[in-house]
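S.K.: Got a structure for you, questions after.
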Amino acid sequence: MLDQRLLRENPDLIAQQLARRGTAPDLGPLCRMAVEQRDLEEHRNSLQAEGNGIGRDVGQLLRNGTAADDPAVVDLRERGNRLKQQIADVDERVKELGRGLLDGLRSLPNLPSAATPDGRSEADNVERHRWGTPRQEEGLLEHWQIAERLGLFENERSVRIAQSRFVTLMGAGARLERGLIAFMLDHHGRNGYREMAPPILVNSASLTGSGQLPKFADESFRCADDDLWLTPTAEVPLTAFHRDEVIAADQLPLRYVAHTPCFRREAGSYGRDTRGLIRLHQFNKVELYWFCHPDQSDAAHEQLTRDAEGILEALGLPYRRLELCSGDLGFSAARTFDLEVWLAGAGAYREISSCSTCGEFQARRSAIRCRDGKTTRLLHTLNGSGLAVGRTMAALLEHGQQPDGSVTLPEVLVPYVGSDRLLPPP
RNA sequence: GGAGAGGUGGCCGAGUGGUCGAAGGCGCAGCACUGGAAAUGCUGUAUAGGGGUGACUCUAUCGAGGGUUCGAAUCCCUCCCUCUCCGCCA
């Protein structure tokens, strides 16, 4: 959420920065609302001050022995009652404006960082670097073809259990996923992240705090009878973990790693990535999350991204880092690096992690501050996948496939999977 | 699900209509004492939003929302949450 003060004092700056994202909302009404709300609130406060004075005066008179039906007291009471009515009228308008203002502000995306390159769409994203050597032989299979041969997951019957875009992992497939999750958690744990296992049902306030609500309600699954949703990413419960808190600066940064299932409706992606593990309603993800001091968030962003890249490098998976242009940023992000892994069978780079700094955007929505000397200020939040587990499996299968139909696995996974090779059934 | 208890400042805890933003204690900070420290003493110590260059000042906040009243932490209503016991359950 953006700063109300900025909206009142410099709406042009906001408009100009939002334009970089390719959105041009008319900020005029919202800005006028903010100014009127502030002015009316000021008026209300002075009325209230007058009323408080009357209350004090009555108390003083009564304590001094003035009779309750003394004209002086009666007169003050009448004035108090008149004021009360006035305050009620103004107050109603103030609250109405406040609600509208909050709704409006919550629907505005974050401003792009000054470092974010301008651009309109993903075509304008900027490649920052590449790592590893992509396999590009002829005849490489896609991961779902490999998985089918090896009996790693089951699609049709999963539709019976739930609906399309769900999958059941089986045998070595299930074990590989479990091993990957454990490997990622261990790896990040060694790098200083605290492992967390948060609730994956989250309430509306939590979704609002990280930016999924109110604009993206149709992207999440909702539990009809409760104010609870299936979390679309661990970013939501991890942000909410510290909602309404003031954290001492010397505690920062707080760095968390969490594995959770993630649930997304994938509305509007009918027909895309219908096979395999790339796009599912339910998938596993290991998420990295930082709460940090505002002065340190740039360095934190680089470090978090490096930590995500560390998994790809440990697994020997070729990837590239893209910096998203202003027009391709997510709602809450000020600056984002996407990591794209090479899918050898598909012959393409595919997003496997998105590492964003949100500045104070989520911290304001969630009221998370740090104590900095004598004052408190909003801290900064950052998040990134480290990594999306299903897509990591897909990349491993495509990268490690052998002519004999087997798949070789990276050495680091042996302790987790029990083998360096997946073999086709006899 | 049934029965009961309770939600007050960083923490503990007093406070049942009138200068209560809130006693007292702990914690924390500064000062004094000390060779240094402990102990002790004194002083200070919430958050948010307005206004003022500033000293400062106004408003709100005692789980949330409404109500009664000139005036509510205190009375009334609704809701939420926590704890204890019982039941049920992985």
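The values are calculated or read from the model by the stated rules, or taken from the named source; none is laboratory data. From a predicted model like this one, the values you see are computed outputs, not experimental measurements. With ideal geometry, Cβ positions are generated from the backbone for all residues, glycine too; neighbour counts draw on all protein chains shown. Surface areas here come from the heavy atoms of the whole protein model, side chains and all, with no ligands, DNA or RNA. Shrake-Rupley method; radii C 1.70, N 1.55, O 1.52, S 1.80 Å.
S.K.: Using only the alpha-carbon atoms, how far is helix A:11-21 inclined from the longest principal axis of chain A? Give it as 0 to 90 degrees, nearest 10.
M.R.: 10
S.K.: FRET efficiency for A:THR66 and A:LEU102, Cβ-Cβ distance as r, R0 = 45 Å, nearest 0.05?
M.R.: 0.50
S.K.: If the cut-off is 17 Å between C-alpha atoms, which lysines fall inside it for A:LYS84, apart from same-chain ones fewer than 8 positions away?
M.R.: A:LYS95
S.K.: What order do you get for A:409-418, A:357-366, A:21-30 when each peptide is scored by the mean count of other beta carbon atoms within 10 Å, highest first?
M.R.: A:357-366, A:409-418, A:21-30
S.K.: Would you mind getting me the FRET efficiency between A:SER419 and A:VAL246? Use the beta-carbon distance for r and R0 = 35 Å, nearest 0.05.
M.R.: 0.10
S.K.: While we're on this one: Relative contact order for chain A using alpha-carbon pairs under 8 Å, separation at least 6, rounded to a whole percent?
M.R.: Values: 787 pairs, mean separation 85.5, N = 426.
It comes to 20 percent, rounded to a whole number.
S.K.: Using mean Cβ contacts within 10 Å as the protection proxy, how do A:299-307, A:5-13 order, highest first?
M.R.: Ranking the peptides A:299-307, A:5-13 by packing returns A:299-307, A:5-13.
S.K.: Still on this model: Give the relative contact order (percent, whole number) for the range A:235-344; include only Cα pairs under 8 Å separated by 6+ residues.
M.R.: Values: 97 pairs, mean separation 24.0, N = 110.
With pairs under 8 Å counted, the relative contact order is 22 percent.
S.K.: Can I ask one more? For chain A, with every protein chain kept in place, what is the accessible area per residue (1.4 Å probe, Å²)? All intermediate terms of the calculation are to be shown ahead of the outcome.
M.R.: Working: 20430 Å² over 426 residues.
Accessible area per residue, chain A: 48 Å².
S.K.: Still on this model: On a 1.4 Å probe surface of the protein chains, which of A:MET184, A:MET170 comes out largest in accessible area, and what is the full order? Please report the intermediate quantities before stating the final value.
M.R.: Details: A:MET184 0, A:MET170 65 Å².
The ordering from most to least exposed comes out as A:MET170, A:MET184.
S.K.: Identify which of A:ARG350, A:ARG130, A:ARG82 has the largest mean-square fluctuation in a Gaussian network model of chain A, with springs joining Cα atoms closer than 10 Å.
M.R.: Between A:ARG350, A:ARG130, A:ARG82, it is A:ARG82 that shows the largest mean-square fluctuation.
S.K.: With point charges of +1 on the Cβ of Lys and Arg and -1 on the Cβ of Asp and Glu, referenced to the Cα centre of the range A:4-106, which listed residue (A:VAL90, A:GLY51, A:ALA24) lies farthest in the positive direction of the dipole?
M.R.: It is A:ALA24.
S.K.: Still on this structure, I have one more. Between A:ARG275 and A:GLU313, what is the label-point separation in nm under the 7 Å Cα-to-beta-carbon projection?
M.R.: Reported label-point gap for A:GLU313 and A:ARG275 is 3.5 nm.
S.K.: Test of understanding: what is the full-extension gain from A:ASN191 to A:ALA19, defined as 0.36 nm times their sequence separation minus their Cα-Cα distance? Provide the component values of the computation, followed by the final result.
M.R.: Values: separation 172, 0.36 × 172 = 61.92 nm, distance 3.84 nm.
Residue separation times 0.36 nm, minus the Cα-Cα distance, leaves 58.1 nm.
S.K.: For chain A, with a Gaussian network of springs between Cα atoms less than 10 Å apart, report the residue from A:THR66, A:THR208, A:THR116 with the top mean-square fluctuation.
M.R.: With Cα springs under 10 Å in chain A, the top fluctuation among A:THR66, A:THR208, A:THR116 is at A:THR66.
S.K.: Given labels modelled 7 Å from the Cα in the Cβ direction, how far is it in nm from A:GLU92 to A:SER204?
M.R.: 2.4
S.K.: Quick one: with all protein chains in place, what share of the accessible area of chain A is carbon or sulfur, to the nearest percent (1.4 Å probe)?
M.R.: C and S atoms contribute 47 percent here.
S.K.: Along the range A:295-311, what does the Karplus equation 6.51 cos²θ - 1.76 cosθ + 1.60 (θ = phi - 60°) give for ³J(HN,Hα), rounded to whole Hz, x for Gly and Pro?
M.R.: Once rounded to whole Hz, the list reads 6, 10, 6, 5, 5, 4, 4, 5, 5, 4, 5, 4, 5, 5, 4, x, 5.
S.K.: Another question, if that's okay. Dipole size in debye (nearest 20) for chain A around its Cα centre, Lys and Arg Cβ +1, Asp and Glu Cβ -1? If you can, show how the numbers build up before the last one.
M.R.: On the way: 52 positive and 61 negative charges, 68 e Å.
Here chain A has a charge dipole of around 320 debye.
S.K.: Can you list the residues, at least 5 places off or on another chain, whose amide H is less than 5 Å from the amide H of A:GLU195, using H built in the peptide plane?
M.R.: Result for A:GLU195 returns A:VAL257.
S.K.: In addition: Among A:THR274, A:ALA300, A:LEU317, whose Cα lies farthest out toward the positive end of the dipole of the range A:272-318, if unit charges sit on the beta carbon of Lys, Arg (+1) and Asp, Glu (-1)?
M.R.: Of A:THR274, A:ALA300, A:LEU317, it is A:THR274.
S.K.: Oh, and also: Please pull out the direction-averaged projected area of chain A, using the convex hull of its alpha-carbon atoms, in nm² to one decimal place.
M.R.: Values: hull surface 106.0 nm².
The Cα convex hull of chain A, projected and averaged over all directions, gives 26.5 nm².
S.K.: Can you give the three extents of the C-alpha atoms in the range A:4-106 along their principal axes, from longest to shortest, in whole Å?
M.R.: That gives 69, 18, 16 Å along the principal axes, largest extent first.
S.K.: Something else about it: Calculate, for A:CYS223 and A:ALA367, the FRET efficiency according to 1/(1 + (r/R0)^6) with r their C-beta to C-beta distance and R0 25 Å; round to the nearest 0.05.
M.R.: On the way: r = 25 Å, r/R0 = 1.00.
Computed FRET efficiency for A:CYS223 and A:ALA367: 0.50.
S.K.: While we're on this one: Of A:GLU42, A:GLU235, A:GLU177, which has the largest mean-square fluctuation in a 10 Å C-alpha GNM of chain A?
M.R.: Comparing A:GLU42, A:GLU235, A:GLU177 in the GNM, the peak value goes to A:GLU42.
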